[in-house]
Amino acid sequence: MRDVGICGSDIHYWVNGAIGDFIVKAPMVIGHEASGVVTKLGEGVSSLKIGDRVAIEPGVPCRMCKFCKIGRYNLCHDMKFCATPPIHGNLARLYTHAADFCFKLPDHVSTEEGALLEPLSVAVHACNRADVGLGHKVLICGAGPIGLVNLLTVKARGASEVCITDIDQTRLEFAKKLGADFTIKVTKDPKETALQVEEVFGQPADITIECSAAPSSIKTAIFATCSGGCVLLVGMCPGEIQLPIVNAAVREVDIKGVFRYANCYPTALAMIAADKVDVKPLITHRFKLEQTLEAFETAKSGKGVKVMINCERK
Ligand code: NAD
Ligand code: ZN
């Protein structure tokens, strides 16, 4: 293994031992935003060779069910996903993975960038779900790592203006540096925040990508999206929440779920390889495998954006 990024879900399993129905019942290796170097090949593998640097797509589906067959394998009921209990993750020195879920990195793409293909693929999938494209005015709610990869991706796909919200000023400043056209520090109720969005764009958002999971922000997402537009639910809010659903219905605002990704690694890699997005600035902290506890404490504290662990024995 080379580089493994820490994701909010890793922190969740570490701190709470569960996310919804996924409960850690036995010791489990954590980590799923990862890259490595091929040191051994399984029988019959011809797509890779020893020494190849690869990004690892962490979920391997059954390949047999109806969802797998239509290419929506992220919906497979038999998904084996790194660090989703009881499946071990790959924050380790050595790890075995299906060859067709390993993506060879060109020489000029680093293994850190390879690890970042994971969150970037979430954004590629989200943008595919709403067909984000040329000239769109896009609202992104939440400027955490997931909001930020969405920012980079919508820009790469030709969105003309992007507004991003957060309750944390530091995160908004980071987003501004990464290319957000407008930032809004959320202090008001959802309807008023939506009006602020309309003010900066001169119209409501064409598409809103909700990446905070805050219930009030999901309401804002609906109010701030134009009639006929689309709200993408990327943030995962636990439990049930109240939403202005009739407001969305009578204005034909489509609300779409987004769950991980399917067939998005090649696109995410191509975007990085062709310099259409630069994910490197997202990395704010670097640790060695031996410093994993410190790395997790840093990620948990909310300092910085992406914490990266290097697993090489040096
Ligand atoms: P994060 O916690 O680092 O970022 C969330 C951001 O939202 C924070 O900066 C926080 O300050 C901000 N926020 C909180 N309340 C807000 C509000 N009312 N309005 C606007 N912003 C607000 O998390 P992350 O790693 O960026 O992930 C974001 C969400 O995406 C999480 O819920 C995570 O579970 C989810 N996620 C979903 C998928 C998927 O497949 N759908 C994949 C990865 C992550
Ligand atoms: Zn399947």
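The values are calculated or read from the model by the stated rules, or taken from the named source; none is laboratory data. Here the structure is a predicted model, which means the values were calculated and not measured. Positions of Cβ are backbone-derived with ideal geometry, glycine not excepted, and every protein chain shown enters the neighbour counts. These accessible areas exclude ligands, DNA and RNA; they are computed on the full protein's heavy atoms, side chains included. Shrake-Rupley method; radii C 1.70, N 1.55, O 1.52, S 1.80 Å.
Applying the Karplus relation 6.51 cos²θ - 1.76 cosθ + 1.60 with θ = phi - 60° to the range 234-241 yields 3J(HN,Hα) values of 9, x, 9, 8, x, x, 9, 9 Hz, where x marks Gly and Pro. Taking the inverse of the mean reciprocal distance over all distinct Cα pairs, the Kirkwood hydrodynamic radius of the range 30-74 comes to 12.6 Å. Ranked by the mean number of other Cβ atoms within 10 Å of their residues, highest first, the peptides 134-142, 42-50, 294-302 come out as 134-142, 294-302, 42-50.
Note that the range 122-257, at 20 °C in a medium of 1.002 mPa s, gets a Stokes-Einstein diffusion coefficient of 151 µm²/s from its Kirkwood radius over C-alpha pairs.
Dipole of the chain (Lys/Arg Cβ +1, Asp/Glu Cβ -1, origin at the Cα centre): which of 32, 245, 123 lies farthest to the positive side? Farthest towards the positive pole: 32. Using just its DSSP H runs of length 4 or more, each adding -39500 (n - 2.57), the chain gives a mean residue ellipticity at 222 nm of -9500 deg cm²/dmol after division by all residues. Bridging of residue 256 to lysines at a Cα separation below 19 Å is possible for 137, 219, once same-chain residues fewer than 8 apart are set aside. In this structure the amide hydrogen of residue 33, modeled in the peptide plane, comes within under 5 Å of the amide hydrogens of 5, none closer than 5 places in sequence on its chain. Computed from label points 7 Å out along Cα-Cβ, the spacing between residue 192 and residue 80 is 5.3 nm.
Using the alpha-carbon centroid of each, what span in Å lies between the range 89-120 and the range 168-197? Using only Cα atoms to place each centre, the spacing works out to 32 Å.
Highest average first, the peptides 111-118, 285-292, 5-12 ordered by how many other beta carbon atoms sit within 10 Å of their residues are 111-118, 5-12, 285-292.
Applied to the range 173-186, the Karplus parametrisation 6.51 cos²θ - 1.76 cosθ + 1.60 on θ = phi - 60° returns per-residue 3J(HN,Hα) values of 5, 4, 4, 4, 4, 7, x, 5, 6, 9, 10, 10, 7, 6 Hz, with x for Gly and Pro. The calculated pair-distance distribution of the chain uses every alpha carbon pair, bins of 10 angstrom beginning at 0, and gives 6, 27, 35, 24, 8, 1, 0 percent.
Averaging the Cα positions of each part gives two centres, and for the range 1-42 and the range 51-75 these lie 17 Å apart. Using the structure shown, select from 80/280; 155/280; 40/104; 49/104 the pairs with a Cα to Cα distance greater than 18 angstrom. In this structure, 80/280 lie more than 18 Å apart at Cα.
Residues 265, 73, 95, ordered by accessible area of protein heavy atoms at a 1.4 angstrom probe radius and largest first, appear as 95, 73, 265. What the chain shows is 48 Å² of accessible area per residue, with the surface traced by a 1.4 Å probe over protein heavy atoms. Our analysis of the range 268-314 gives Rg over Rh at 1.08, with the two radii drawn from alpha carbon positions and Rh computed by the Kirkwood formula. Most simply put, the chain has about 35% antiparallel DSSP beta bridges, counting only bridges with both residues inside it. Could you tell me which residue out of 167, 152, 310 lies farthest along the dipole of the chain toward its positive end? Charges go on the beta carbon: Lys and Arg +1, Asp and Glu -1, centred on the Cα centre. Positive-most Cα among the choices belongs to 310. Taking only protein heavy atoms and a 1.4 Å probe, the accessible area of the chain is 55% carbon and sulfur.
Using the beta-carbon distance between residue 160 and residue 46 and R0 = 51 Å, what value does 1/(1 + (r/R0)^6) give for FRET efficiency, to the nearest 0.05? All intermediate terms of the calculation are to be shown ahead of the outcome.
On the way: r = 44 Å, r/R0 = 0.87.
The formula returns an efficiency of 0.70 here.
Only Cα pairs under 8 Å and 6+ residues apart enter the sum, and on that basis the relative contact order of the range 122-257 stands at 22 percent. Remark on residue 80: its backbone amide H falls under 5 Å from those of 60, a criterion applied only to residues 5 or more positions apart or on other chains, H modelled at 1.01 Å from N. Can you give the Kirkwood hydrodynamic radius of the range 62-126 from its Cα pairs, in Å with one decimal? Evaluated on the range 62-126, it is 13.8 Å.
For the range 49-181, the C-alpha radius of gyration sits at 1.21 times the compact-globule guess of 2.2 N^0.38 Å, with N the residue count.
With the gyration tensor restricted to C-alpha atoms of the range 173-314, the semi-axes of the equivalent ellipsoid amount to 33, 18, 16 Å, longest first.
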